[in-house]
Structures are given as structure tokens and as C-alpha cells.
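Below: the structure, in C-alpha cells.
Read-outs: derived from the displayed coordinates by stated rules, not from any lab. Only a predicted model underlies this, so the values are computations on that prediction, with no experimental measurement involved. In this analysis, Cβ positions are derived from the backbone assuming ideal geometry, glycine residues included, and neighbour counts consider all displayed protein chains.
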Amino acid sequence: MLRTTLAKTLTRSPIPLVGARSATTVSSDIFKPLKYGGKYTVTLIPGDGIGAEVAESVKAIFKADNVPIDWEQVDVTGVGASEEGFRESVQSLKKNKVGLKGILFTPVERSGHASFNVALRQELDIFASLVLIKNIPGVKTRHDGIDMCLIRENTEGEYSGLEHQSVPGVVESLKIVTKYKSERISRFAFEFALKNNRKKVTVVHKANIMKLADGLFRHTVQDMGKEYPTITTNDMIVDNASMQAVSYPQQFDVLVLPNLYGSILSNIGAGLVGGPGLIPGCNIGREIAVFEPGCRHVGLDIKGQNQANPTALLLSATMLLRHLGLDDHADRISKAVYAVLAEGKVRTPDLNGTSTTSDFTKAALEKMETLY
Ligand SMILES: NC(=O)C1=CN([C@@H]2O[C@H](COP(=O)(O)OP(=O)(O)OC[C@H]3O[C@@H](n4cnc5c(N)ncnc54)[C@H](O)[C@@H]3O)[C@@H](O)[C@H]2O)C=CC1
Ligand SMILES: O=C(O)CCC(=O)C(=O)O
Ligand SMILES: [Mg+2]
């Protein structure tokens with residue numbers, strides 16, 4: 001019953017997501033916000049670290065292109081951990097149904113608070129993380145021909161945050177895997193593959209060790225694969241997948257992964273194509289969609305230095321535009337961003353350049369002028 005419902009709903013109108021360069025689409029039943037007064041209201045959570053600087057880049061570019069969006073900015077932070085900002089961001093996203101988000105800091109120390117990023121995804125049930133990893137023309141890396149889509153379960157698994165010390169010196173950390181959530185992420189992955197003319201779905205797991213938890217995830221994906229005869233389904237143990245990703249990444253097409261393996265492979269993927277400043281992503285649920293850089297780095301070390309590469313947030317923002325049906329704006333902005341990167345004159349330090357975040361924004365604005 002559940003499968004039938006999801007299958008039906010997920011095959012509704014595909015949402016084109018990324019720039020003109022790549023016609024990636026997601027089909028889902030997610031609610032489309034309405035325009036009021038000719039404009040959409042979109043929640044903006046700049047986040048910690050480099051968040052404010054890269055959000056400024058998006059704001060400037062959207063303003064110059066007259067994008068019909070009013071930002072509802074929520075300055076929540078994970079530094080200091082006031083719950084108030086977090087609650088405000090949840091309320092805003094529940095109301096607006098669509099958001100653009102930077103990354104919130106989470107302290108590593110035990111005395112620190114639990115991750116607001118994870119809590120947000122769980123509370124809003126934005127269960128499917130989509131991360132697009134593709135070589136960018138002009139950004140030369142060790143491997144060419146990389147084009148993979150990571151679909152990561154975003155609400156359970158190793159990120160459940162359920163830990164306790166049963167006796168001093170013994171800690172139990174619970175990884176939760178449910179059939180329901182494994183099924184819906186599998187469905188999302190196969191429907192995504194189908195809509196985007198992808199040929200293969202690889203389920204990444206560690207079922208040789210976690211026979212029950214990863215076994216359930218793996219079997220669920222494999223079983224669902226039988227409903228999609230035009231798509232090859234294969235499986236790979238996460239250790240091997242990591243090794244294969246750095247030696248022969250071209251073999252991967254769509255990957256479906258439990259939460260932690262998704263984080264690790266998205267970081268490997270970012271490293272493969274040029275770093276965390278380049279990778280767009282989004283989190284999709286039934287009602288709400290939140291767009292955020294795919295590799296999810298805070299960048300506290302370069303905060304306030306005008307050094308961050310805004311590409312990851314800009315491309316995530318173009319995915320948001322496509323979700324809203326604002327394709328003209330998305331095309332122009334993504335073309336401009338890719339043109340700056342292809343030309344290679346304006347490069348932030350992560351790409352071995354000396355340009356600033358503001359230089360990049362200015363260069364993208366100039367490119368946009370040529371596209372009207
Ligand atoms: N530490 C935290 O509070 C959080 C960590 N994470 C996760 O932990 C992992 C590692 O995070 P961190 O150690 O905090 O990494 P980080 O934020 O320190 O980033 C690693 C390196 O990449 C650089 N970088 C990141 N984004 C950039 C950009 N747009 N332009 C230029 N350089 C950029 C940073 O400057 C830094 O040198 C990731 O998987 C991330 O998803 C996620 C959310 C919060
Ligand atoms: O929110 C955090 O602190 C870490 C989350 C993370 O690694 C991720 O979302 O990929
Ligand atoms: Mg991560």
C-alpha cells in the first residue's frame with residue numbers, strides 16, 4: 001500500500017533542479033508554495049562560518065536578476081546554541097515550505113548541543129538528500145568523466161543521536177534503520193534514476209558486519225530494483241565504494257546510501273571534483289524542500305575573510321529556483337557561475353586562486369549582463 005502511494009505520488013510532475021548544464025530532475029509529491037503579490041517567500045538561513053558571506057553573494061545575484069523572491073532571513077546559529085533561533089527556523093520553513101540554508105556549527109565536545117542541521121532535517125522530515133557530483137569545466141582534477149548523484153537517507157541511521165553510557169566506560173550508540181524509511185529513500189532513488197535517464201543504482205552498505213541494519217537497507221533497495229527492469233541495481237560495501245570512488249569514479253551513476261555513508265561519500269565526491277565550495281545539494285520531503293551545499297561544511301577557519309567559494313550555495317540556489325519553476329532565472333545564474341569557473345580568471349583560494357568571494361560575485365554579475 002505504502003509503495004503504491006509513494007510510487008504514484010513520486011511520479012508526479014518532475015522538478016528540474018540544476019543548471020542548464022545538467023538537466024537533473026526530481027519527481028516528488030512535494031508541495032509547491034504559492035506566490036503572494038507576485039513573489040515567493042523563501043526562508044534563508046545563512047548559517048555559521050562562511051554562511052553569511054556566501055548568502056550575500058546569492059542575495060546580490062538574485063536582486064540583480066529581479067528574482068521574484070522575498071527572503072525571510074533567520075539568523076540561527078549553532079555557536080552558543082540558543083534553541084530560540086532554531087525554533088524560529090523550523091517555524092519559518094514549515095510556513096514557507098522552501099528554504100535556502102548554510103551550515104550550522106555543531107560542537108564536538110560532549111557538553112555541546114546536538115546538531116541543529118540534523119534536528120532540522122528530522123523535524124521537517126526532509127528525508128532525501130540529493131548531492132550532485134560532476135566535473136566542472138575549467139576545474140581540472142585528477143579524474144574526468146565524473147557524474148554521480150548521491151541520494152542519502154537524511155533522517156535516521158547513524159545520525160539518530162541516540163547514545164547512552166550503560167555502565168562507566170561502555171557506550172552504546174544506536175543506529176536506527178526502518179523498513180519504511182528505507183523504502184521511501186529507495187523509491188526516491190529509482191524514480192530519480194528513471195526521470196533522469198540514469199542507468200544504474202548502487203546501494204552502498206556494510207551488511208557484512210551490520211547484517212540486520214544495513215541488511216535491511218540493502219535488501220529493500222534490491223527488492224525495489226526488481227520493479228525497475230530498465231535500471232541495473234548493484235551493491236557495494238562502503239569501504240570498497242570509498243576506494244572505488246577515488247580510483248574509478250566514472251563507474252558510479254546513482255548511489256543510494258544510509259546517512260553516514262552518504263556524508264562520507266559526498267565528501268569524497270567533493271574532493272574528486274574540486275572541493276566543498278562547488279557541490280550543490282538539497283533535502284527533499286513531502287512538503288518541504290531545503291536547498292543547501294551538498295558537502296555541508298561550515299568553514300569556520302575562513303569565516304569573515306571574504307575567501308569562501310560561493311559556487312556551492314549559488315548552484316543550490318539555482319536548484320531552488322527550478323523547484324519554484326523560475327527556470328529563466330536559474331538558467332541565467334547557473335550559466336554565469338559556470339562561465340566564471342570555465343574562464344578561470346576569477347578563482348577563490350580553494351581553487352588555488354587569489355580572488356575573493358566578492359570578486360566572484362562581481363564576475364558572475366558581469367557574465368549575467370551578457371546573457372540578457
Ligand atoms: N563541524 C561542524 O559543526 C559540522 C560539520 N559537518 C560535517 O563534518 C564534516 C567536516 O566538517 P568540518 O570539519 O567542520 O569542515 P570545515 O568546515 O572545517 O571545512 C573543511 C575545509 O574546507 C574548507 N571549505 C569549506 N567550504 C568552503 C567554501 N565554500 N569555500 C572555500 N573553502 C571551503 C574550509 O575552509 C576547511 O578548510 C563534513 O562532513 C560536514 O558535513 C556538518 C555540519 C556541521
Ligand atoms: O550537523 C552536523 O554537525 C554534522 C552533519 C553532517 O555531517 C552532515 O550533515 O553531513
Ligand atoms: Mg557531513
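Results, tabulated for the structure shown:
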{"item": "Nearest-0.05 FRET efficiency for Thr230 and Leu260, computed from C-beta distance (R0 30 Å)", "result": "0.50"}
{"item": "Cα-centred dipole magnitude for the chain, charges only on beta-carbon of K, R (+1) and D, E (-1), debye, nearest 20", "result": "1000 debye"}
{"item": "Low-density loop cleavage sites - trypsin sites (Lys or Arg not before Pro) in the range 156-206, where at most 13 other Cβ are within 10 Å (DSSP)", "result": "Lys199"}
{"item": "Cα-based Rg and Dmax for the range 202-358, where Dmax is the largest Cα-Cα distance (Å)", "result": "18.1, 52"}
{"item": "Cβ-derived FRET efficiency at R0 51 Å, Gln244 paired with Asp70, nearest 0.05", "result": "0.70"}
{"item": "Largest-first ellipsoid semi-axes for the range 72-198, taking √(5λ) over the Cα gyration tensor eigenvalues, angstrom", "result": "29, 21, 18"}
{"item": "Sequence ranges 273-286, 325-338, ranked by mean other-Cβ count within 10 angstrom, highest first", "result": "273-286, 325-338"}
{"item": "Directionally averaged projected area (convex hull, Cα atoms, the chain), nm²", "result": "18.5 nm²"}
{"item": "Whole-Å distance, taken between Cα centres, linking the range 30-67 and the range 216-263", "result": "33 Å"}
{"item": "Where a label projected 7 Å from the Cα of Lys362 along Cα→Cβ would reach, residues of the range 317-345 with amide N under 19 Å", "result": "336-345"}
{"item": "Rounded to 10°, Cα long-axis angle of helix 327-343 versus longest principal axis of the chain", "result": "80 degrees"}
{"item": "Sum of side-chain charges, Ile146 neighbourhood, beta-carbon under 13 Å (Lys, Arg +1; Asp, Glu -1)", "result": "0"}
{"item": "Given Lys39/Lys101; Lys63/Lys101; Lys39/Lys303; Lys32/Lys362, the pairs whose alpha carbons are separated by over 23 Å", "result": "Lys39/Lys303; Lys32/Lys362"}
{"item": "Amide H partners (placed H, <5 Å) of Arg347, local residues excluded", "result": "Thr354, Ser355"}
{"item": "Counting DSSP beta bridges with both ends in the chain, the antiparallel % (nearest 5)", "result": "50 percent"}
{"item": "Sparse-neighbourhood loop sites, chymotrypsin sites (Phe, Trp or Tyr not before Pro) in the range 29-72 - DSSP loop, at most 16 other Cβ within 10 angstrom", "result": "Phe31"}
{"item": "Between helix 311-323 and the chain: long-axis angle, C-alpha atoms, 0 to 90°, nearest 10", "result": "80 degrees"}
{"item": "Quotient of C-alpha Rg and 2.2 N^0.38 Å, computed over the range 279-357", "result": "1.19"}
{"item": "All aspartates and glutamates inside 16 Å of Lys97 as judged from Cα atoms, apart from same-chain residues fewer than 8 positions distant", "result": "Asp29, Asp70, Glu72, Glu88, Glu123, Asp125, Glu287, Glu292"}
{"item": "Top of Met243, Met224, Met148 by mean-square fluctuation, Gaussian network on the chain, Cα under 10 Å", "result": "Met243"}
{"item": "Simple Cβ-charge dipole of the range 167-319, Lys/Arg +1 and Asp/Glu -1, about Cα centre, in debye nearest 20", "result": "240 debye"}
{"item": "Cβ-based net charge around Ser355, under 10 Å, with every Lys or Arg adding one and every Asp or Glu removing one", "result": "+2"}
{"item": "Inter-label distance, nm, simple model (7 Å from Cα along the C-beta direction), Ser160/Asp328", "result": "5.0 nm"}
{"item": "Between helix 51-64 and the chain: long-axis angle, C-alpha atoms, 0 to 90°, nearest 10", "result": "50 degrees"}
{"item": "HN-Hα J in Hz across the range 288-301 - Karplus 6.51, -1.76, 1.60, θ = phi - 60°, x for Gly and Pro", "result": "10, 10, 10, 9, 8, x, x, 8, 6, 10, 7, x, 5, 5"}
{"item": "Three-way shape call for the range 70-116 based on the alpha-carbon gyration tensor, with the a/c threshold at 1.5", "result": "prolate"}
